[in-house]
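Since the structure comes first, as structure tokens, the remarks are kept for the end.
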Amino acid sequence: MELDRDRWRGCLGGSAVTRIAIDLDSRLGTLDSRVFSHFVEHMGRGVYGGLCDEAGRLVPRVVQLVEALEPVLIRYPGGCFAAEYHWWEGVGDQRVDGLDTFWSRVGLGALESNAFGTDEFLEFCERVGGVPYLTVNMGTGTPAEAAEWVRYTGGRVGTWSLGNEVFGPWETGHQGPVEYARRAEVFADSMLAAEPGLDLVGVGADARNYLNWNEAVLDRIGRKLKWLSLHFYAPGPEAGCLEDTRDGYMTVTAAAYTLGRSLDEMIGLIRAKDLPIRLALDEWAVWSCDDELRGTAESGESAPIRDALFAASVFHRIIERASWVTMACYAQLVNVLGLIQTEEGGVFATPVYHVFKMYRDAAGKEAVRVEVDGSPTFEAPELGRMPRTFEVPFVEAVGLAGDGGGVTLYAINRHPSSEIEVVIEGWDGISQIETLAGDGPFARNSFAEPDRVQPVTSAVTLPRVQLPPHSITRLDLTRS
């Protein structure tokens, strides 16, 4: 799908100079490595035919690609699947065969052999260097069942979520905020009795859609939680099949600003209640067609560079709130909207996978304030769950302080057809630069072209930098 280049050129607003100013004295907090976490759910081909074969054996090439991501937490087994999952059916020699009852209702489930269960998941985490994060069943499960799962893992799992999306009418075990908070407290007490010191995640909700949910949860169990969660999908299933259109591009690449507003509302509430907890964005992604939810073996292609721009912009919203957002899990790891796509005999990494690798080194660094002045802007239309958004800048940037007064600067140019020159104020000399762009705003990798979109490394002479269209750029700035 080609965009109307003349229409977009009109958004550039003449010859205004876009300037980037970095304030090393204004620190925003240290970026927690757990924001580079992931999510595996029994859904479509996310587990069987993706992460592992039908017998539960891990796929070596997938393991290699996950290892290269340096994952931190890995969330499992859901998601909505967790609300009907009984962990004991997936351990031991006598596995219980059945149907993925939740996702089968919407055509995304399959026969569940339980060949891949708790022990296989823990082995996978150990293989790739990740830390397990489990979601207990608050749909058809009991507090006693959750506590027994804690005992079964024997100290190998320190982070647990008290259910999943209980606020939603689609969720098995759906409850209102007061009822959820009361029941979650019983689950928490049972689990903490089995193993004191667990890090617990309470189900949070977007206040735009679920008024008073977060307040009720925090009032009841806020001091027993390590995190309050938020899930964010752009533009969301209400938008239908997300095609390669101008409106879709505009809305998806601007969507992280809506996320930022939702995060700020939750941060304000936690501050007002003086609670020592933080936010976990433990599901986030671009939600596209059901075919991609099932896995992309038939179409052979997945997330375009558009989705990579969204992912980078989400990382920017997190970096700007580094003191508050200390966990984030991309949904998902393999096939189902995933960073890695598989079919029999084939595996490839999406552009979003490469965004994770570009930003991963930012973990542990202190975020600093960055101001972008003079960027041209555009208007993103309403689509799905995303509201109409005005004055979205084509260029945005964030920075993290490095050693010796250096800075790692990440910059995005959302314009789909024009490069934009930026001036990085106060910096000169030669900088190493890494850019992810592709040959068009909907360029994507596929089984036929697995390396079509790849990062490119070069050098640039500061202070002027040309940001290519539809690009994500990393610059390592050093003092001479």
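Has the stretch 397-406 got at least one residue that is part of a strand (DSSP E or B) and among the β-branched types (Val, Ile, Thr)? Quick ask: steps written out before the conclusion?
Step one: of the stretch 397-406, the residues part of a strand (DSSP E or B) are 397-401.
Restricting the remaining residues to those that are among the β-branched types (Val, Ile, Thr) gives 398.
Yes, the conditions are met somewhere in the stretch 397-406.
Restricting to helices (runs of 4 or more DSSP H) lying wholly in the stretch 84-170: which have 3 or more residues that are within 18 Å of residue 194 (Cα to Cα)? In the stretch 84-170, the matching helices (runs of 4 or more DSSP H) lie at 143-153.
Does residue 465 count as part of a strand (DSSP E or B), out of contact with any Cys (no Cβ under 7 Å at 6 or more places or on another chain) and under 20 Å from residue 306 (Cβ atoms)? So residue 465 fails the test.
Is at least one residue of the stretch 229-249 crowded, with 23+ Cβ neighbours inside 10 Å, outside the structural domain of residue 440 (by TED's automatic domain parsing) and over 20 Å from residue 288 (Cα atoms)? Looking through the stretch 229-249, at least one residue is crowded, with 23+ Cβ neighbours inside 10 Å, outside the structural domain of residue 440 (by TED's automatic domain parsing) and over 20 Å from residue 288 (Cα atoms).
Conditions (1) in a strand (DSSP E or B); (2) modelled with pLDDT of 95 or more; (3) over 17 Å from residue 325 (Cβ atoms); (4) in contact with a strand residue (DSSP E or B) (Cβ under 6 Å, 6 or more places away or on another chain), marked per residue:
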residue	(1), (2), (3), (4)
348	yes, yes, yes, yes
352	no, yes, yes, yes
356	no, yes, no, no
359	no, yes, no, no
364	no, yes, no, no
367	yes, yes, no, yes
372	yes, yes, yes, yes
375	no, yes, yes, yes
379	yes, yes, yes, yes
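For the structure I just gave you, tell me whether residue 197 is modelled with pLDDT of 95 or more, buried (at least 23 other Cβ atoms within 10 Å of the Cβ) and over 21 Å from residue 350 (Cβ atoms). Walk me through it before giving the result.
Working: modelled with pLDDT of 95 or more: yes; buried (at least 23 other Cβ atoms within 10 Å of the Cβ): no; over 21 Å from residue 350 (Cβ atoms): yes.
Answer is no for this residue.
For the stretch 207-230, what are the residues that are assigned to a loop (DSSP other than H, G, I, E, B) and within 26 Å of residue 386 (Cβ to Cβ)? Passing the criteria: 207, 208, 209, 210, 211, 212.
Among the residues of the stretch 375-387, are any surrounded by fewer than 22 Cβ atoms within 10 Å (Cβ to Cβ), more than 30 Å from residue 46 (Cα to Cα), of a type outside the set (Asp, Glu) and free of Cβ contacts under 8 Å to residues at least 12 places away in the same chain? So far as the stretch 375-387 goes, no, none of its residues is surrounded by fewer than 22 Cβ atoms within 10 Å (Cβ to Cβ), more than 30 Å from residue 46 (Cα to Cα), of a type outside the set (Asp, Glu) and free of Cβ contacts under 8 Å to residues at least 12 places away in the same chain.
The values are calculated or read from the model by the stated rules, or taken from the named source; none is laboratory data. Given the structure is predicted, the values throughout are model-derived calculations rather than measurements. Note that we place each Cβ from the backbone using ideal geometry, even for glycine, and neighbour counts take in every protein chain shown.
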